[in-house]
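Let me begin by presenting the structure, written as structure tokens, before commenting on it.
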Amino acid sequence: MPSLSTLLLLGLLPLLLIGSAFFSGGETAFFSLTRAQRLKMTRRASASGRALGTLMGTRAGPDAGEQRSLLVTLLLGNMTINVTFFVITSVLLIRGEAAGLPAWLLVVLSLVPLVVMILLGEVLPKLVAARLAERWSSAVAVPMLLVHRAISPVRIAATAGVIAPLARLIAPSPQADTLSVEEIDQLVSTSGEQAVLADGEALLLRQAIELSRLRVRDLMVPRVDVAAYDLEEPVSELLDLVTRRRLRHVPVHRGGLDHIEGMVYAREVLLARGGLDPAAAGTAAEGGIGKLVRQTHFVPEQQRADRMLVEMRKTGRTFSIVVDEFGGTAGLITLEDLAEHLFGDIPGSYEPRGLSRVTEVRGREGVYEVDANLMLIDWPDRLDLPEPESELARESDVATLGGLVMTELDRLPAVGDGLVAGPIRLEVKAMEGHRITRIEVQRADGAARSAAGATEAAARPEEHA
């Protein structure tokens, strides 16, 4: 019959196991929280939120001092419990040996506590806490704060006498903590939901964050929409272009858009109009525009949009030619194009037809006809419909609705071709040559994808060969 002290020691083992899980899981949960999660939890009017704010700091960014103190508490608590657990198991094994237990059984009994502690006291709590960081943190925040305060004299002494001197001796200087784009996005979303930021402020910040994820090719005026002047043509063509399209600057080339030689300012062209010969070529020595041509700047289409904006601000440029990986002209980018993404639609130099048109089809509620050049990033602002979903378009970095349709069809489209992209059904309504100009948009009927386009493609194999 085991003695009362032996029974008490055996009863302590499960409690110590729970204590080990409490500290090891708490460590994983607390330090797995993102800044946005911490901010959301500490702003709750609850005991757990206030306790978490005290343990980790109430700011959106990490409070290094508070977190270091919490880490010391967690490590001291976990180490004390684990050492106590194995001391008790050693005492029980010694008593078992004295009671005449066989050697093989003593070996087994010495391994069981180790395996149980590793699995139930360390590994499993950490796995669960990592997956349920918010719930675990809320559950243990209040008791953890009580322990944190109870052992504060020991913690302060250990920190001042051992940990801090060793850290200064061996540990490198801490690096400045920075926020990732995803963390800033989470903070803005949380602040908007909790009315810390006004709707307009949150939208502007989200647009600025989104700008860092975009490339110049996502916002540029594509090559097919570029209004340019060939220096071999009569000057009258340039004058007509400036007056009819009301452009502020016009790229000039010789023999094609892949041979850009510079740009001209519309204001200078109009002021010098009296000295120009409308019938003469742009390159003519007399009556030409040679003196008006300015050097232009070229940028790769892969350049990040936010860096392009910073570069334009520093240099004072408002216009750049975008080139592709082969050195050909892919389009052009203006300061207005970048500003539009931040502040909303601005009538720009290269939008002579205005914004992408969105028209509700008469007599068909919830059905719209939109310009194919509608940017996918502008969809939520222009249409009160769920966004189309296309894995192919996402992988191909498609920027416009027309590009999404062509990517999904995987061939040149024709009027009447249709498909379903997630919750949205799209149908080609108008084309100019090989280019889609208008697309009908409506909610899908639940089908994964329409077969209309595929059926029509099979009926017209020669057309799409």
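Entry note, region 216-343: relative contact order of 29 percent, from Cα contacts under 8 Å with a spacing of 6+ residues. Annotation: the antiparallel percentage among DSSP beta bridges lying fully within region 216-343 is about 75. Beta bridges assigned by DSSP with both partners in region 224-282 are antiparallel in approximately 75 percent of cases. Would you list, by chain and number, the lysines whose Cα falls below 30 Å from the Cα of Lys126, excluding same-chain residues fewer than 8 positions away? Partners within reach: Lys40. Expressed as a fraction of 2.2 N^0.38 Å, the value expected for a compact globular protein of N residues, the C-alpha radius of gyration of region 216-343 is 1.07. If the Kirkwood radius is taken over C-alpha pairs of region 4-170, then at 25 °C and 0.890 mPa s the Stokes-Einstein diffusion coefficient equals 140 µm²/s.
Rule-based calculations on the coordinates, nothing more; no lab input. As the structure is a computational prediction, the values presented were derived from the model and not from experiment.
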